[in-house]
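What follows is calculated from the coordinates using simple rules that are stated; it is not laboratory data. These numbers were taken from a predicted model, which means no experiment stands behind them. Please note: Cβ atoms are built from the backbone with ideal geometry, for glycine as well, and neighbour counts cover all protein chains shown.
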Amino acid sequence: MELNVHLDAFEGPLDLLLHLIDKNKINIYDIPISEITDQYMEYLKDAERYNLEIASEFLVMASTLLDIKSRMLLPREENEEGEEIDPREELVQKLVEYRMVRTLSNELSLMQEKQACCYRDPSIPDEVKQYEEPVDLDELMEGITLEHLQKIFEGVLRRKESRRDPIRARFGDIPKEEVPLEKKMLELRQFISCHTKCMMREMLDRSSTKMDVIVTFLSILELIKDGTIIVRQEKTFDDIYIEERSKEATS
């Protein structure tokens, strides 16, 4: 009997045996072991012919089939009750269990596909709603390093010190209520939203005290971190510009 075997990808030797059994419409409880063994070995020969790698489990099954085939030619052994032992019994049991598992797996796959097409409750847990994709700092700080920002910060502080009147400084400073970081960030958001582009140096120079410069600088860093603004520097040693990040980029 000539057999044209298609070299499909089988998950294992049991999968291949079930394919041969179904293809030949054989009763799984009464397998013509000689015919099935010949077809199984033909598959392995075709695999070798096409230089396909054969898993060791397929070779183990081949030896098992040949062993069963040879035992079928010998007189049947008997168990303790005096009943004849069918050499195919263990193999049949494995095939039945495998077919059951495979059927259940296919059923679960179909149920999953149907479930994917069904309407689902649109409610989303609060933890999922609050999740925000991490901001790409490299994208927000085009060509700018923390070293550049530090130099600008230190330069503004030096200018603040140089503008200080040494005579008035003798009388001490009048204490002033410090501006919270959250409030300064809100002020900067409002200022940036009203200006297409502004220089970081100008924003720092607008601060009246050394502490105000520090809070402003920290606010700028926080706004960069949460993706509210983008900082750019066209050329090395040029001024650093701040722009509001577009709503399309933040969505």
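A few notes on this one:
- Residue-count net charge about Ser105 - beta-carbon cut-off 11 Å; Lys, Arg +1, Asp, Glu -1: 0
- Inter-probe distance in nm under a simple model that places probes 7 Å from Cα toward Cβ, at Arg49 and Asp226: 7.0
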